[in-house]
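All of the numbers you see were taken from the coordinates with simple rules; none came from a lab. Quick caveat: nothing in here was measured; it's all calculated off a predicted structure. Counting neighbours? That spans all protein chains shown, and the Cβs are built from the backbone with ideal geometry, glycine included.
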Amino acid sequence: MHWLVKSEPSKYSWEKFVEDKQTHWDGVRNYTARNNLKAMKKGDQVFFYHSNEGLEIVGIAKVVKEAYQDPATDDTNWVVVDLKPVKKLKKPVTLSTIKADKRLDGIALVKLGRLSVCPITDEEWNIILELGEMK
């Protein structure tokens with residue numbers, strides 16, 4: 001399975017993620033996004049998307065630890081996963097590029113624009129890798 005996570009670069013950028021070498025993906029307070037975190041399995045690949053500023057997929061991460069209690073809250077409804085950066089895309093894939101590509105008409109990034117953690121199909125994954133000059 002493949003996923004996409006969003007982060008505002010001013011709050012947590014790809015560069016900071018690479019510097020940290022690993023992070024727990026916290027702060028998710030939407031039930032659908034939380035359910036997506038719970039569905040992530042160790043080894044799943046994840047696109048890292050810069051939201052609000054940049055509006056582009058910039059890198060690939062992987063799940064290194066499956067969902068566990070979010071340490072930032074005592075509320076057991078909320079979970080985190082641990083992610084590790086894998087590689088930066090050779091060419092960032094912008095939201096406008098994604099919207100312009102008819103092959104990506106159904107992508108959750110566009111259809112569910114406010115969702116911070118969303119699934120990516122195998123076909124979408126491969127198209128984005130191609131757009132990012134990774135194939």
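The table below gives the values:
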item	result
Members of the stretch 11-55 that are hydroxyl-bearing (S, T, Y) and within 18 Å of T94 (Cβ to Cβ)	S13, Y49, S51
Scan of the stretch 15-30 for residues that are closer than 28 Å to D74 by Cα and either touching a strand residue (DSSP E or B) at 6+ places or on another chain (Cβ under 8 Å) or in contact (Cβ under 8 Å) with a residue 40 or more places away in the chain (or both), ordered by number	F17, K21, Q22, T23, H24, W25, D26, G27, V28, R29, N30
Hits in the stretch 99-118 (condition: within 21 Å of V63 (Cα to Cα) and either surrounded by fewer than 17 Cβ atoms within 10 Å (Cβ to Cβ) or in contact with a Ser or Thr (Cβ under 7 Å, 6 or more places away or on another chain) (or both))	L115
